[in-house]
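So the structure is just underneath, and the comments pick up after that.
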Amino acid sequence: MLPHAYVEAALARHAAPCLAGIKPANLVSFPSTDIQWCDTYNEMLNEQGIYFTPLCVCENRTQVLVYRKDLLTCLCFQPQVAVALRYFGYLPECGLDAIIMRLKERMSDFIGTRSREQGKSFPHEIGLFLGYPADDVMQYVKTGGQNCLFCGYWKVYSNPEQALQVFHQYTECKERFALQIKSGMTIFEIVCAA
């Protein structure tokens, strides 16, 4: 079983922007030994609109999507994001639960050894869920990740000044959460105090 302090520190380090409400979602990797903590955190934070969904469980690691349901729902219906999602085979009009289920399927398809042998590629559309600009996600896919302006939380192809501001905001948020956790606060207390 994962120690509570480990989960809290990992969430502060990797999901703070989502937990703070400045990002729709974060993807956090945890050891696969125990993901029951997701149920506990869902019980504590679903009322705050924050959800924890394991996307794929591998032999050693589990990828958990931490998301704010309202922000992610709104994002999926932004015209440019909806067009990009459709490009990747998602149907935004079916609702967020169906979209997340499709993402789980895509992640599982990629992780499965047999699927990799069949040439399945990583679902780079996950960047859309994480709030990366749709232009940058689509350019990444078109170029195979080449020729970006620079790298930060994602590979930037357009609006570099805006991306730098967002990167700075995310970093400050993660540092603030880490300090609060170190001072003895819990994720629940930090989220509720915001």
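Since every read-out is calculated from the coordinates, none of them should be taken as a lab result. Treat the numbers as computed from the prediction; the structure is a model and nothing was measured. Using ideal geometry, Cβ is built from the backbone for each residue, glycine included, and neighbour counts are taken over all protein chains shown.
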### Task
Subtract the Cα-Cα distance of Thr40 and Glu189 from 0.36 nm times their separation in residues, and report this length gain in nm to one decimal.
52.2 nm
### Task
For Lys182 paired with Arg86, estimate the spin-label separation in nm (one decimal), with each label point 7 Å from Cα along the Cα-to-Cβ line.
4.8
### Query
In the neighborhood of Cys148, defined by Cβ-to-Cβ distances under 10 Å, what is the net charge if each Lys or Arg adds +1 and each Asp or Glu adds -1?
0
### Task
Identify which of the listed values of Rg and Dmax of the Cα atoms in Å was calculated from the structure shown: (i) 16.7, 49; (ii) 27.5, 85; (iii) 16.4, 54.
(i)
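Under DSSP H, which helices of the chain have Cα atoms covering 15 Å or more of the helix axis and a Kyte-Doolittle average no less than -0.5?
4-19, 96-111
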